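Student: Dumping the structure here so I can ask a few things about it.
The values are calculated or read from the model by the stated rules, or taken from the named source; none is laboratory data. None of the values given here were measured: they were computed from a predicted structure. Ideal geometry is used to build each Cβ from the backbone, glycine not excepted, and the neighbour counts take in all protein chains shown. For the accessible areas, the whole protein counts, side chains as well, though only heavy atoms, and no ligand, DNA or RNA atoms are used. Shrake-Rupley method; radii C 1.70, N 1.55, O 1.52, S 1.80 Å.
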Amino acid sequence: MQDLTISKRATQVLGELSSNVVFKMWNLKKFGSCGSPDFQFKKFCARMILKFPNSELVLISLKYVQRYIKNGINSNITNEYQLFTIALMLANKWHNDEAYSNKVWSETSNISRIDIDAMEISFLKSLDFKMHITKEKYAFWLICLKKFNLTGKYEYLFAKKVKKTTASQQNSPKLGFNYDAKIIQPPVGFDRNVVTFNYVKEYKLFE
């Protein structure tokens with residue numbers, strides 16, 4: 001895992017993005033509507049990211065949240081604070097060479113250690129322990145986040161590529177977003193040589 005530590009400004013922007021992504025997907029699942037996160041949740045996300053400042057892990061955790069929203073049906077996670085904490089914790093554990101203990105996450109999030117432990121197992125079971133992300137799917141996820149950040153349309157959080165067909169090139173669909181799709185297919189593996197996150201030069205998520 002590359003060391004992609006981030007500045008205070010980038011931390012604030014990532015906190016804003018994370019709070020919007022998590023809150024909208026959580027509320028869409030629980031209440032059928034998106035809404036917008038309040039100041040307290042935005043502050044919470046920024047604080048968590050400041051404590052664990054790695055941009056790549058934050059973006060991976062948002063992918064875990066998206067996957068959880070599809071599969072999480074029998075979980076004891078009850079709010080967006082818990083959801084973001086567990087997703088970020090698991091991203092740290094699975095893709096970082098030096099992972100923090102559950103005790104540290106409990107102290108940082110103000111969620112009890114007992115609840116942290118229980119929600120971790122529940123989250124993993126909801127995802128069928130499939131925590132890996134392919135290089136291709138990770139790159140596409142960054143594009144989706146960029147589109148969502150620019151437009152505010154939650155459909156981008158559940159977009160998928162249009163599959164190529166055997167028809168002629170003239171009739172073949174262009175790569176893009178399928179707005180009729182409600183959810184993308186679950187990723188099946190993670191390439192350790194994951195696409196490097198360069199939010200200034202390459203994807204420009206935060207312009």
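Student: Taking a probe of 1.4 angstrom, what is the accessible area of VAL104 in Å², to the nearest 10?
Tutor: Using a 1.4 Å probe on the heavy atoms, I get roughly 40 Å².
Student: What full-extension length gain, to one decimal in nm, is calculated for TYR154 and ASP128 as 0.36 nm per residue of separation minus the Cα-Cα distance?
Tutor: 6.9 nm
Student: Using a 1.4 Å probe, how large is the accessible area of CYS144, given in Å² and rounded to the nearest 10?
Tutor: 0 Å²
Student: Same structure, new question: Want the number for GLU98 to ASN110: 0.36 nm per residue separation, take away the alpha-carbon distance, what's left?
Tutor: Taking 0.36 nm per residue and subtracting the Cα distance, the gain is 2.2 nm.
Student: Assuming a ≥ b ≥ c are the square roots of the Cα gyration tensor eigenvalues, decide whether segment 1-135 counts as rounded (a/c under 1.5), prolate (otherwise, with a/b larger than b/c) or oblate.
Tutor: rounded
Student: Under a 1.4 Å probe, what is the accessible area of segment 6-62 per residue, stated in Å²?
Tutor: 41 Å²
Student: Same structure, new question: Which order do SER112, SER19, SER36 take when ranked by solvent-accessible area (1.4 Å probe, heavy atoms of all protein chains), largest first?
Tutor: SER36, SER112, SER19
Student: Would you please name the GluC sites (Glu not before Pro) within segment 80-129 that are DSSP coil residues with at most 13 other C-beta atoms within 10 Å of their C-beta?
Tutor: Within segment 80-129, the qualifying GluC sites (Glu not before Pro) (loop, at most 13 other Cβ atoms within 10 Å) are GLU98.
Student: Run the numbers for ASN71 and LYS51: contour at 0.36 nm per residue of separation, minus the present Cα-Cα distance, in nm.
Tutor: Gain on extension, ASN71 to LYS51, equals 4.4 nm.
Student: Also: With every protein chain in place, what's the accessible area of ILE133 (1.4 Å probe, Å², nearest 10)?
Tutor: Roughly 0 Å² of ILE133 is accessible to a 1.4 Å probe.
Student: At 7 Å along Cα-to-Cβ for each site, give me the label-to-label distance between THR78 and SER33 in nm.
Tutor: 2.3 nm
Student: I've got another one for you. What's the carbon and sulfur percent of segment 1-158's accessible surface, probe 1.4 angstrom, rounded to a whole number?
Tutor: 50 percent
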